[in-house]
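Visitor: This is the structure, below, for whatever I ask next.
The values are calculated or read from the model by the stated rules, or taken from the named source; none is laboratory data. Fair warning: this is a prediction, and the values are worked out from it, not measured in the lab. Neighbour counts run over all protein chains shown; Cβ positions are idealised from the backbone, glycine included.
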Amino acid sequence: MQIQNIQDVIDQLTQITEKCKASQNRAGYFATLYKRMTVAVRDGINANQFEDGGRMEKLDIIFAQRYLDAYSCFFAKQPCSNSWQFTFDACTDNSLIVLQHLLLGINTHINLDLAIASAEVAPGDSIHALQNDFNRINSLISSLIDDIQECLCKVWLPMRMLLRIANGKQLPVLNFSIAKAREVSWSNAVMLASMNAEQKNIYIQQMDSVVKLLGEKIKSPDIATRFMLEGIRITEYNDVTKTINLIDTTVVN
């Protein structure tokens, strides 16, 4: 389905979330988080928090369409990008903690899709005028993942313990940096904005390969980290629907 406005995005993500609840599919974890992100962007546009609300809605639509197309293609057993293929394949892996599933989706959507969408909505030199709003949308994403991580800590105490043990050390999963991903995504957006179609296709293929490698590190961190994550996994809900509801409804003040 081709979406026309930001409410269409929210409606489509709601449908995916409900479908994943019914089928106990972990793809619903990221879809639910993404729905919350989109609602936050819509509310930000309505509150005039962006420099150009119309441009931001257009960016949100193009950005979301890439996720929705990847989701549709994957579950129709049609080709999609390597990084989304890897991310959706990982949804069947029962050994991953919820946060890993969320980060896999965030990694692909920010590091691949956001750069491509930004270059499309602001080609050529106009890309530079987008930077402030680009940073604002990423700040919304970052605050929401912090909110979700905090709510997961409240339910699964071993995650709280793990964060305390880490104490700022570079654990490959928990220290996935959205700020760093934003910087890389913006650099890629600026590069893509100045390219012709052939150059873009080559560059996007290269981006896709790099994003998939990052996903592999999130899915399979070093042995010591995997051992610590196992302590969290055995305490998490096995009921996917319950977890989706938690991601969807929990607000941490």
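Visitor: Might you check whether a residue that is more than 23 Å from Leu99 (Cβ to Cβ), outside any helix (DSSP H, G or I), without any contact (Cβ under 8 Å) to a residue 40 or more places away in the chain and polar (S, T, N, Q) occurs anywhere in the range 70-77?
Guide: Within the range 70-77, not a single residue is more than 23 Å from Leu99 (Cβ to Cβ), outside any helix (DSSP H, G or I), without any contact (Cβ under 8 Å) to a residue 40 or more places away in the chain and polar (S, T, N, Q).
Visitor: Still on this model: Is there any pair with a first residue in the range 29-56 that is over 19 Å from Leu68 (Cβ atoms) and a second that is outside any helix (DSSP H, G or I) whose Cβ atoms are under 7 Å apart and which are 6 or more apart or on different chains, and what are they?
Guide: Cβ pairs passing all conditions: Gly44/Phe50.
Visitor: Which residues, taken from the range 84-136, are farther than 16 Å from Ile61 by Cα, among the small types (Gly, Ala, Ser) and not in a helix (DSSP H, G or I)?
Guide: Correct list: Ser95 only.
Visitor: Among the candidates Pro158, Pro79, single out the residue that is surrounded by fewer than 21 Cβ atoms within 10 Å (Cβ to Cβ), touching a helix residue (DSSP H, G or I) at 6+ places or on another chain (Cβ under 8 Å), modelled with pLDDT under 95 and under 21 Å from Tyr203 (Cβ atoms).
Guide: None of the other options fit; the residue is Pro79.
Visitor: Find the residue count for the range 98-146, including only residues that are crowded, with 23+ Cβ neighbours inside 10 Å, over 29 Å from Lys217 (Cα atoms) and polar (S, T, N, Q).
Guide: So the count comes out to 0.
Visitor: Something else now. In the range 192-219, how many residues are exposed (fewer than 15 other Cβ atoms within 10 Å of the Cβ) and either free of Cβ contacts under 8 Å to residues at least 12 places away in the same chain or under 28 Å from Lys19 (Cβ atoms) (or both)?
Guide: Residues meeting the conditions: 10.
Visitor: Any chance the range 50-60 includes a residue that's touching a helix residue (DSSP H, G or I) at 6+ places or on another chain (Cβ under 9 Å), farther than 28 Å from Asp93 by Cβ and among the aromatic types (Phe, Trp, Tyr)?
Guide: Looking through the range 50-60, at least one residue is touching a helix residue (DSSP H, G or I) at 6+ places or on another chain (Cβ under 9 Å), farther than 28 Å from Asp93 by Cβ and among the aromatic types (Phe, Trp, Tyr).
Visitor: Also: Only residues that are without any contact (Cβ under 8 Å) to a residue 40 or more places away in the chain and among the β-branched types (Val, Ile, Thr): list them for the range 235-253, please.
Guide: Thr249
Visitor: Related question: Considering only helices (runs of 4 or more DSSP H) fully contained in the range 174-253, which possess at least 3 residues that are modelled with pLDDT of 80 or more?
Guide: 178-193, 197-219, 240-249
Visitor: Right, another one. Which one of these is under 19 Å from Gly53 (Cα atoms), among the hydroxyl-bearing types (Ser, Thr, Tyr) and either part of a helix (DSSP H, G or I) or without any contact (Cβ under 8 Å) to a residue 60 or more places away in the chain (or both): Ser143, Ser139?
Guide: Only one candidate passes the filter, namely Ser139.
Visitor: Among the residues of the range 20-37, count how many are surrounded by fewer than 15 Cβ atoms within 10 Å (Cβ to Cβ) and assigned to a helix (DSSP H, G or I).
Guide: 2
Visitor: Can you tell me which residue among Leu68, Leu152 is modelled with pLDDT under 95 and of a type in the set (A, V, I, L, M)?
Guide: Going through Leu68, Leu152 in turn, the sole match is Leu152.
Visitor: Go through the range 180-198 and report how many residues are farther than 15 Å from Ser126 by Cα and touching a helix residue (DSSP H, G or I) at 6+ places or on another chain (Cβ under 7 Å).
Guide: 4
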